[in-house]
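Data block below; observations after.
The values are calculated or read from the model by the stated rules, or taken from the named source; none is laboratory data. Since we're looking at a predicted model, the values are computed, not measured. Don't worry about glycine lacking a Cβ; one is built from the backbone with ideal geometry, like all the others, and counts go over all protein chains shown. Calculation scope for accessible area: heavy atoms of the full protein, side chains included, ligands and nucleic acids excluded. Shrake-Rupley method; radii C 1.70, N 1.55, O 1.52, S 1.80 Å.
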Amino acid sequence: MVTAKPEQLSSAIPGIENMLYEYGGEGFPRVRRVRAELMAAVPAICPERALLITESYRETEGQPMVLRRAKALERILANMSIFIEKDQLIVGNQAGQVRAAPIFPEYSIDWVIEELDQFEKRSGDVFTITEDTKDKLRSIQAFWQGKTHQEAVYADISDINMAAQQQNVIHRGGISMSGDGHIIPNHDKVLALGYRGLQQQVQENLKRTDLNEEQRDFYQAAEISLGAAIHFARRYAKLATKLAGLESDPQRKAELEQIAGVNTRIFEGKAQTFHEALQVVYYCHLIMMIESNGHSFSFGRFDQYIYPYYQADIDAGRLTNQQALELITLFFIKLNSLNKVRPWDHTEFGVGYPLYSNLMVGGMKADGLDGTNPVTYLSLRAMDLTRLPEPNLSVRYWAGSPRALLNESARLIREGFGMPALFADETVIPAMMSIGLPEEVARDYASMGCVEVAIPGRWGHRATGMTYINFGKILEIVLNNGTDPASGIQLMSVNGQPGRDVHFNSYDEVWQAWKKFLKFYTDLAVESDAICDRHLKVFDADPFGSSLVDNSIERGKTLKNGGGEFDFVSQSTIGTSIIGDALAVVKKLVFEDRTITFEQLRAALDANWQGVQNQKIRKLALAVPKFGNDEDYVDEIVADVYTSYLDLLPGYHNARFGQGPIGCGYTMSTSNISSYVPYGMDVGATPDGRYYGQPVNEGASPCLGADKQGPTAVLKSVSKLPNQRMAGGQLLNMKFSPNVLKGDDNLEKFIALLEANRLLGNFHIQFNIVDSAELRDARLHPEKHPNLMVRVAGYCALFTSLIPEVQDAIIARTEQQGL
Amino acid sequence: MLPMYNPARGLISTVQKYSTKDGPGIRDTVFFKGCPLGCLWCSNPELIRPVPDLLYSREKCAHCGTCLSACLKEALSFDEEGYVWVDRLKCDGCGECVQACPNSALEIAGKFVTVEEVTKEVLKDRVFYQTSNGGVTFSGGEPLWQAGFVAQVARNLKNEGIHTALDTAGHVGWCRFEEVLPYIDLVLYDIKAADHNLHRQLTGQENDVIIMNAQLLAQHGMPMHVRLVLIPGLNDSDAEIKGRMQIVSELATVQQVDLLPYHRYGIGKYARLGLDYPLLDLPEYSEERLAEIEALVRSYGIKTTIGG
């Protein structure tokens, strides 16, 4: 362990005055070894889970699905191969080797078979696969025909909905062919009761005489699942005992005995030590990711629920801060041993092997006081030592946050790997209240996945990312009288006529057409959500994951059947800024200045701006104000675009409406992972001056390169959006040149910028602190930059694992300089 | 060329946001156009002339001639290599050619603005001034050539409680200072050379007015950051540094000395203005040399920064 000199320490950190580690330091030798070993492992495809669930499903045919899934989980956890990584203290593997991805045939299998020979040849998110694995997977394909979630969904989709997908307006993403994920367990409860305590609650309920069939099935399934999870931990206890017997190094022998001890008593009541508490949190995460192949299983307010276990060990003299830091780091690194393989066309929407396991620290507690504690700071340092995509570390801050929290966050951001993301309580809490949550509930929010927010342990699935809506494509279709120029499909028209000819007499006519089409496609997207939910309810029945969230056990329901205390979903809306920029051009050039006619503009778009005359029009278009420069003219139009969607939402409910949870409505989110790149590939030239195929804008960020007035202007523009209504999450990504944060004086100015961001009422902000030159070099010479991690969207990834188009989009972001 | 300024109308190039080198905190810096000095190293040559300037980027030019026909003043022509030549006596910066150029090879540096426009623009960043103890800096060029205009904007800002800084080279009559000082919190003051002959060689003007104005500022109790530009081999001898620090040490209100090492960021602008760069072969500083100079300056016991 390399220790830091006192003068290197950023500031006095309350509670851990003896902090020994400084950002960018060498860290612990053990941590370095564990991390290096993990990174040396090439992601592979593992067939084990697929074979085990197939065996189990063959035996349980005809039984209720929730029970079949519990029995399958039991089979998998009891029979999958397990191992303990060298030097690790946290145990539990998801597949036959680290970073290998299991297969979940019950959701979809055909794409797996079709892509078997492609996994190794991808341009991003590569997986190795053996011929033996291919044969094993092929051997089960026949069994699953007609039995998967994907087939059920596709049989149920209306023709018009399918046509909207062919127009590239809506995209069903993972929810049509994989599990849902997006669960934050009630960690306080699990840590206090253990799975045994939860199982006892389930058993009490099973004794009730008033149960309906659904409840009885759920309780039986939950009992099996929780029991299987406890047994799984015991397998590791036995393995650790065996390995301890074989171990010659006395230190490692003692550690293995410690692991055996933790895993022997774990889940029988309250966690006894800090180490055990971390292991509990990890098991919840791991087993949910074996039960279902959703993603964005998240950790909620880690520092809040872990702190009592940390403090108890510190007080008892069982733990030093150094050991605590090492354990948290090993836990963080361990999360990167998990993986998920997606079909190639989904991979493009979220490249970089993302799992989106958000882990949140800091912020206001439910009682209105600040919750920052020593674990908050240890988590930031642990992230510096980890420097891997998981967990997706987020910090909440507000007026009551200690200055040290901002200072520490800024110092970690300066390290340049994209974390932490920052969430401003003063905006997020009102946003959560805007959908009807009581203030003390809203204060407990945490991020789930990227920037979408939820109340940990009390939330039904999927804060965001149901069906994706490509705003860019909708505008293109509006300007073509309802016709998608690429596919030729026309589902409705502006003027009641078939074909793409259309004329607008005023900006208001354009705006009314936008609103009409937005509603049309949002209706379809909500229908699409309902179809997916209808089948996820069956195929993604998750008795284990649901048992960890209130009020599934009380109600006897899985989350997808309405087990959550609160339940709101959002779609992913992509291209809000570019629509505003484009409409501003139409408004100003065609209807206010009358410099060009609508027909001239559309001809220029048809020609993708090619030709002398069209280039002149493009020049005029580029001169119209763009979002991100603190220009009211266009910022207000972008805000209108948000409002046009927000105003539709009260009319929609999700599939759990009336089933028990509070809410069951829709929220808006600009959390859109890397979809802005592939979606842009589908959208023709847009009036803002963008060429065909270029990315649309990311999240709430300005269009690539459109912001020319520096970071303060970007923050001002974003502050004019209805951020306090963005209960699904608002994403702002900025790129800074490293020199902007160099030295203490510049760091202070950066912190002032963060504070201003909060006072302006912005929701979220995250950064890449990296030279464009370095990114360009990494694009050409990936072998020289194996550890270069960047913010993609609401998540981070190793730059070299990204597909080239996404790499280019990150390079093209405006790099803010200090002048 | 004599500046003909109207105090109701300012000639600026830009309002630079998130300025982090022009005084404390996060600042907006307003760059005024027009300067009485002609420093050899000037990194903002487009701010020297007190009129709008046409900038021409050869690398973007497609030699199509569109700009020539757009120019009503007949100020543009092709040179023998086919590049556009700007007759700066005829060009009045009207911008017709900029509009016409399909390749964005032309731009105008310098626009006329009102007091209200500038005030409104810089007030947009008020929240950043608050969280960083920053504010607004008037720079240039020489902002005091437009003292009447600066005074009005600065007065507006003082009424809003915003910190104001004046970044000046000081080669103006004291009356211009008197016009703005009631509304200025901090002066960033350039002293480019101590030896008056050297000063004339480097800037085209002697430094007696500059030194006198610095002394008057100190007598008026005006807080100052003195900025010492360092040009390798030209004004960075020990004797010259000591000479300048001698002047500084006699100014009671100096809070800080900012060393501004020579850089070549402005070199591209010379070409776009059709000017030759006077210091073509000058190397930038090594860290070691800079550290030596910094140590010498620090020995005077005044807070010292590199870059401000």
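Evaluate the following for residue B:29: is it outside any loop (DSSP other than H, G, I, E, B), within 14 Å of chain A (Cβ to nearest Cβ), closer than 17 Å to residue B:95 by Cα and among the β-branched types (Val, Ile, Thr)?
So residue B:29 does not fit the description; no.
Taking (1) over 24 Å from residue A:800 (Cα atoms); (2) open to solvent by less than 20 Å² (accessible area, probe 1.4 Å); (3) part of a loop (DSSP other than H, G, I, E, B) in turn, residue A:355 satisfies each apart from (1). Contact map, segment A:746-757: residues that are within 7 Å of chain B (Cβ to nearest Cβ) paired with residues that are part of a helix (DSSP H, G or I) and open to solvent by 10 Å² or more (accessible area, probe 1.4 Å), Cβ distance under 6 Å, separation 6+ or inter-chain. Pairs shown: A:749/B:132; A:752/B:131; A:752/B:132; A:755/B:131; A:756/B:127; A:756/B:131.
Based on what the data block shows, is residue B:6 surrounded by fewer than 20 Cβ atoms within 10 Å (Cβ to Cβ) and either under 15 Å from the mean Cα position of the chain (by Cα) or among the β-branched types (Val, Ile, Thr) (or both)? Talk me through it step by step, then tell me what you get.
Numbers: surrounded by fewer than 20 Cβ atoms within 10 Å (Cβ to Cβ): yes; either under 15 Å from the mean Cα position of the chain (by Cα) or among the β-branched types (Val, Ile, Thr) (or both): no.
In short, no.
Looking across segment A:703-729 at every residue that is more than 18 Å from residue A:580 (Cα to Cα) and small (Gly, Ala, Ser), the one that is farthest from the other protein chains (Cβ to nearest Cβ) is identified as A:728. Note on segment B:48-133: enclosed strands (runs of 3 or more DSSP E) holding 3 or more residues that are in contact with a strand residue (DSSP E or B) (Cβ under 9 Å, 6 or more places away or on another chain) and more than 14 Å from every other protein chain (Cβ to nearest Cβ) are B:53-56, B:76-78, B:84-86, B:111-114. Among the numbered conditions (1) among the β-branched types (Val, Ile, Thr); (2) surrounded by 18 or more Cβ atoms within 10 Å (Cβ to Cβ); (3) more than 12 Å from chain A (Cβ to nearest Cβ), the only one that residue B:20 does not meet is (3). When residues in segment A:301-341 are screened for being over 23 Å from residue A:284 (Cβ atoms) and either surrounded by 20 or more Cβ atoms within 10 Å (Cβ to Cβ) or touching a strand residue (DSSP E or B) at 6+ places or on another chain (Cβ under 8 Å) (or both), 1 of them pass. When segment B:1-17 is filtered for residues that are polar (S, T, N, Q) and within 12 Å of chain A (Cβ to nearest Cβ), the ones remaining, listed by number, are B:14, B:16.
For segment A:55-93, the tally of residues that are part of a helix (DSSP H, G or I) and free of Cβ contacts under 8 Å to residues at least 60 places away in the same chain stands at 8. Note on segment A:620-640: residues that are assigned to a helix (DSSP H, G or I), within 14 Å of chain B (Cβ to nearest Cβ) and either open to solvent by 50 Å² or more (accessible area, probe 1.4 Å) or within 22 Å of residue A:731 (Cα to Cα) (or both) amount to 6.
Which residue is farthest from residue B:16 (Cα to Cα), if the candidates are limited to segment B:134-149 and must be within 14 Å of chain A (Cβ to nearest Cβ) and outside any loop (DSSP other than H, G, I, E, B)? The qualifying residue farthest from residue B:16 (Cα to Cα) is B:135. Taken together, the criteria place residue A:588 among residues that are assigned to a helix (DSSP H, G or I), away from chain B (no Cβ under 14 Å) and without any contact (Cβ under 8 Å) to a residue 60 or more places away in the chain. Residue A:732 falls short on exactly one of the conditions (1) within 14 Å of chain B (Cβ to nearest Cβ); (2) open to solvent by less than 10 Å² (accessible area, probe 1.4 Å); (3) in contact with a strand residue (DSSP E or B) (Cβ under 8 Å, 6 or more places away or on another chain); (4) not hydroxyl-bearing (Ser, Thr, Tyr), and that condition is (1). Scanning segment A:758-773 for residues that are at pLDDT below 90 and either open to solvent by less than 20 Å² (accessible area, probe 1.4 Å) or within 11 Å of chain B (Cβ to nearest Cβ) (or both) turns up A:768, A:769, A:770, A:772. If you check residue B:36 against the conditions, is it away from chain A (no Cβ under 14 Å) and in a loop (DSSP other than H, G, I, E, B)? The answer is yes for residue B:36.
Of the residues screened, residue B:167 is one that is open to solvent by 10 Å² or more (accessible area, probe 1.4 Å), within 14 Å of chain A (Cβ to nearest Cβ) and either more than 24 Å from residue B:25 (Cβ to Cβ) or touching a Phe, Trp or Tyr at 6+ places or on another chain (Cβ under 8 Å) (or both). Of all residue pairs spaced 6 or more apart or on separate chains, those with beta-carbon atoms under 7 Å, a first member in segment B:7-20 that is closer than 20 Å to residue B:125 by Cα and a second member that is β-branched (Val, Ile, Thr) and assigned to a loop (DSSP other than H, G, I, E, B) are B:18/B:26; B:20/B:26.
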